[in-house]
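Take a look at the structure set out below.
Derivation of every value follows stated rules applied to the coordinates shown; laboratory data play no part. All of these numbers come straight from a predicted model, not from anything done at the bench. When we count neighbours, we look across all protein chains shown, and the Cβ atoms used for this are built from the backbone with ideal geometry, even at glycine.
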């Protein structure tokens, strides 16, 4: 049996402690748990909200594929990834990644790997709504995200 | 004013969500929060408990120094580190590190840096109590931890 | 002619003006690249949406594919801009 | 002679058999290395505790120092094994 991988794509928020507990309780072989929470920034007060569009079905499948790659590559004991969609306001959570392993480096690398691939491969798109009332525009993909992903090539 | 650094050395457990909330609420400029939780492993059922000894005063000062180094080096918006002492049983938390930054890489690097230096510089010592009733022995420092720390040299 | 089920996301969806459609395409349309070229003949909205053809990403049956990928047998073909989640 | 306040941790504490003490040391004891050499003359428990002198870590006034550090003016000197927290 492989390590347990949990993936959810949902409109509602998530609870960090609850997700960590689900993944690590009754697992006294786990020594390290890393979480990454991605939050909506207010861009110095200019951003009213992000609208997150996703490709239902493929979003879940793609994140699960990425988590399984991370589990195998870093020997993770468990991995959870939750991505929200819909309207998200500054300060709110967008994405959560949780990884568990016996030692810290694998947990750090696993979470970082999942985020780098999720950014560039999971079918989500962000549209900005600005505080001046305009619809703003679709967020552009960043070269820096491709670079971050490519450092995992081997 | 520098970024807020919170350090606590305590006997009692901590709550992950509460610590993340304290650090990130009302801070809509934060885009990424990374947490690291170090847990007591049961060593395949051989370990009954760890006893954590520390150097009061120096432990807090040393962790605070490390957190401030990380804040400055990675441009963190906030950092929290909590280390427990006393008797800790398998599955329980030992240490928590939380870092916040506008972008994910700094938050990952900051948390990893703090853990690598905390392991090798913060005055804590672990003694093992085994399930067969023997007191076990003091955990030896690992070369791998020195190596992990030294990769941050520049 | 063959039938393809298309789905669009983000500004590709907005510019084409719909989220999905089923189209008949000529037998000469073999790959994703052929499909993009064909769609651009269908009207200004497609031309605008697919203008910078090399930035358009494609998925067949919910898996990422390159533009050279054959579309034969695809249940669902998705076209969208580079992703910006996370 | 001068007075030093010493604190011990982990197996250094266990082997010496106490967590802290105040000692008078000869004026010739200038550095941490001198102090360690002097302590080893005080009895078998010190000899055992400090046998592998190069693995012993020291702190003066709660800050890490090397063995060459002078101890003059130290309010508190701590001796302990390599740390294993986290």
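Test of understanding: in a Gaussian network model of chain C with alpha carbons linked when under 10 Å, which of C:35, C:23, C:50 would top the mean-square fluctuation ranking?
C:23
On the Cα set of the stretch C:2-80, report Rg and Dmax in Å, please.
Considering the stretch C:2-80 through its Cα atoms, Rg and Dmax are 11.1, 28 Å.
Kindly provide the helix-only [θ] at 222 nm of chain B, computed as the sum of -39,500 (n - 2.57) over DSSP H runs of four or more divided by all residues, to the nearest 500 deg cm²/dmol?
Mean residue ellipticity, 222 nm, calculated: -10500 deg cm²/dmol.
Ordered shortest first, which distances in nm separate the 7 Å Cα→C-beta label point of residue A:75 from those of the other copies?
Spacings between copies for this position, smallest first, are 3.5 nm.
Placing a label point 7 Å from Cα toward Cβ, how far apart in nm is residue A:87 from its equivalents in the other copies, listed shortest first to one decimal?
Inter-copy label distances (nm, one decimal, shortest first): 5.4.
P(r) of the stretch B:70-151 in 5 Å steps, Cα pairs, percent per bin?
3, 13, 20, 19, 18, 13, 8, 4, 2, 1
Can you order the peptides B:94-101, A:34-41, B:139-146 by their average number of other Cβ atoms within 10 Å per residue, highest first? Don't skip to the end; give the middle numbers.
Numbers: B:94-101: 26.5, A:34-41: 24.0, B:139-146: 14.0.
Per-residue Cβ counts within 10 Å, averaged per peptide and sorted highest first, yield B:94-101, A:34-41, B:139-146.
If one takes the longest principal axis of the Cα atoms in chain B, at what angle in degrees, from 0 to 90 and to the nearest 10, does the Cα axis of helix B:58-74 lie?
So the inclination is approximately 40 degrees.
Using only the Cα atoms, work out Rg/Rh for the stretch A:107-153, with Rh taken as the Kirkwood radius, to two decimals.
On the way: Rg = 13.9 Å, Rh = 12.3 Å.
So for the stretch A:107-153, dividing Rg by the Kirkwood Rh gives 1.13.
At each listed q (0.06, 0.07, 0.09 Å⁻¹), what is the log10 of I(q)/I(0) that the Debye formula gives for the protein assembly as shown modelled as equal alpha-carbon point scatterers?
So the normalised log intensities work out to -0.37, -0.48, -0.70.
Rounded if a/c is under 1.5, else prolate if a/b is larger than b/c, else oblate: which is the stretch D:40-86, with a ≥ b ≥ c the root eigenvalues of its Cα gyration tensor?
On the way: a/c = 2.00, a/b = 1.19, b/c = 1.69.
Taking the square roots of the gyration eigenvalues as a ≥ b ≥ c, the stretch D:40-86 is oblate.
Given N residues in the stretch D:6-51, what is its alpha carbon radius of gyration divided by 2.2 N^0.38 Å?
Values: Rg = 10.2 Å, N = 46, 2.2 N^0.38 = 9.4 Å.
For the stretch D:6-51, the normalised Cα radius of gyration is 1.08.
Residues of A:51-62, mean number of Cβ from any other protein chain within 10 Å of their own Cβ, rounded to a whole number? Write out the running numbers ahead of the final one.
Values: counts 0, 2, 9, 4, 9, 2, 3, 10, 3, 1, 2, 6.
That average works out to 4.
I need the Debye-formula profile for the stretch A:79-125: one equal scatterer per C-alpha, no solvent, reported as log10 I(q)/I(0) at q = 0.24 1/Å, two decimals.
For the requested q values the scattering log ratios are -0.91.
Would you mind pulling out the separation of the Cα centroids of the stretch C:18-86 and the stretch A:19-81, in Å?
Centre-to-centre distance over Cα atoms comes out at 29 Å.
For chain D, calculate the relative contact order in percent as a whole number, restricting contacts to Cα pairs under 8 Å that are 6 or more residues apart.
Working: 145 pairs, mean separation 31.1, N = 86.
Dividing the mean separation by the residue count of chain D yields 36 percent.
Normalized C-alpha radius of gyration of the stretch B:5-153, against 2.2 N^0.38 Å? It would help to have the intermediate numbers written out before the result.
Details: Rg = 15.8 Å, N = 149, 2.2 N^0.38 = 14.7 Å.
Output field value: 1.07.
What base-10 log of the normalised intensity I(q)/I(0) is obtained for the stretch A:15-67 from the Debye formula, alpha carbons as equal point scatterers, at q = 0.20, 0.21, 0.31 Å⁻¹?
-0.99, -1.01, -1.13
Rounded to the nearest 500 deg cm²/dmol, what is the calculated helix-only ellipticity per residue at 222 nm for chain D, with -39500 (n - 2.57) per DSSP H run of length n ≥ 4? Walk me through the intermediate numbers first.
Values: 3 runs with 21 residues, N = 86.
For chain D, the value works out to -6000 deg cm²/dmol.
Using a label point 7 Å beyond Cα on the Cα-Cβ vector, give me the inter-copy distances for residue C:30 in nanometres, one decimal, shortest first.
Label point to label point, same position, other copies: 8.7 nm.
Within a 10 angstrom radius of the beta carbon, how do A:51, B:72 rank from fewest other beta carbons to most?
Numbers: A:51 16, B:72 11.
So the ranking, lowest neighbour count to highest, is B:72, A:51.
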